[in-house]
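Everything on this sheet refers to the single structure shown next.
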Amino acid sequence: MIESGPVNSQQETLETVKRAAEMLRALAPAPRVAIVLGSGLGASIPDLEGKVEVAYTDIPGFPMPTVKGHSGKLLLGTFKRKGGALPVAIMQGRYHHYEGHEMASITRPVRVLAALGVKTLILTSAVGSMRKTLPPGSVCVLKDHINYLGHNPLHGYHTSEFGDMFPDMGGAYPEDLRKLALASCRRLKINAREGVYVAAPGPSYETPAEIRAFSLLGGDVVGMSVVPEVIVARQCGVKVLGLSWVSNMAAGILKETLTHHDVLALGQRMAGKLKDLATDLLEKV
């Protein structure tokens, strides 16, 4: 269920994060890399050994997602690669502000992953494209973002255990990770370009006028998530790789009606490619 009220303070969030991390630490090796699977990508899970599955509702501070295509499970396991075993965490689904979740709830999983020792966070999401060079089925490797949500997850009482109150967002999407992702996409023959993510509040899709405005501001793709998680990851010192798969052209680009059903359907067709991409990245990240 959606939490009935806001978190009172960062201190309360800190205590919840510690309880969740302690619980998960007892179940599997502490992950070093984490992947968040966005809409329709539940089948994009790389092969893991010793996999442990935990429902979000069994983890302190994790509410249940309410959006179709977000199953609400955390997977912990080990990815076997040439350089040795890599402990990995995979989130099947995320939370959105438009569901009624407070920013503290949306970003608490990122804080828990950081507390567990995650150093690299791979965020996937479904987006609408504002550029014809990024048609449906493409991957946008995020290089920056514009926060149009009207909220920032760092707003409120601050505790130094989470990091700086004023984190510099200039390096939120490290170039080395972007280059790795683009190289992997080339090997796998996936159309990919770097781009700027615009976070819109939703849940209605954007109007054609809004898309024209976002495009003029420098946006390339538009979605309703990612940015709060990136801000908190940056505060916690976690490196972020943002991979947004294009599910549709944004409103007004083409004459078509946008539906979440179509997003999920294309996600199912893209799942195999994105699993290959995630697997290739785990070999090198």
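Only the coordinates and a few stated rules stand behind these numbers; no lab work does. Predicted, not measured: the structure shown is a model, and the values here were computed from it. Because the Cβ atoms are built from the backbone with ideal geometry, glycine has one as well, and the counts that use them run over all protein chains shown.
Observations, loosely collected:
- Ile190, Ile146 arranged by Cβ crowding within 10 Å, fewest neighbours leading: Ile146, Ile190
- For the chain, diffusion coefficient by Stokes-Einstein and Kirkwood Rh (Cα), 20 °C, 1.002 mPa s, µm²/s: 114 µm²/s
- DSSP beta bridges in the stretch 10-284 [antiparallel fraction, %, rounded to 5]: 40 percent
- Within the stretch 110-152, the trypsin sites (Lys or Arg not before Pro) that combine a DSSP coil assignment with at most 16 other C-beta atoms in a 10 angstrom radius are Lys119, Lys132.
- Relative to the current alpha-carbon distance between Met169 and Arg269, full extension at 0.36 nm per residue lengthens the span by 32.6 nm.
- Excluding same-chain neighbours fewer than eight residues apart, the lysines reachable from Lys179 by a Cα-Cα span under 30 Å are Lys51, Lys73, Lys80, Lys82, Lys119, Lys132, Lys143, Lys189, Lys239, Lys273, Lys275, Lys284.
- The stretch 203-258-the stretch 46-123 distance, computed between alpha-carbon centres (Å): 21 Å
- 222 nm mean residue ellipticity, helices alone, for the chain (DSSP H n ≥ 4; -39,500 (n - 2.57); rounded to 500): -10000 deg cm²/dmol
- Report note on the peptides 95-101, 174-180: ranked by the mean count of other C-beta atoms within 10 Å, highest first, their order is 95-101, 174-180.
- Of the residues Thr13, Thr57, Thr279, the one with the fewest other Cβ atoms within 10 Å heads the list, and the complete ranking is Thr57, Thr279, Thr13.
- The stretch 173-189 - phi-based ³J(HN,Hα) in whole Hz, Karplus 6.51/-1.76/1.60, Gly and Pro as x: 10, x, 4, 5, 6, 4, 5, 4, 5, 5, 5, 5, 4, 4, 4, 8, 6
- One decimal place: the segment Ala85-Ser204 gains 38.6 nm when fully extended, by the rule 0.36 nm per residue minus the C-alpha distance.
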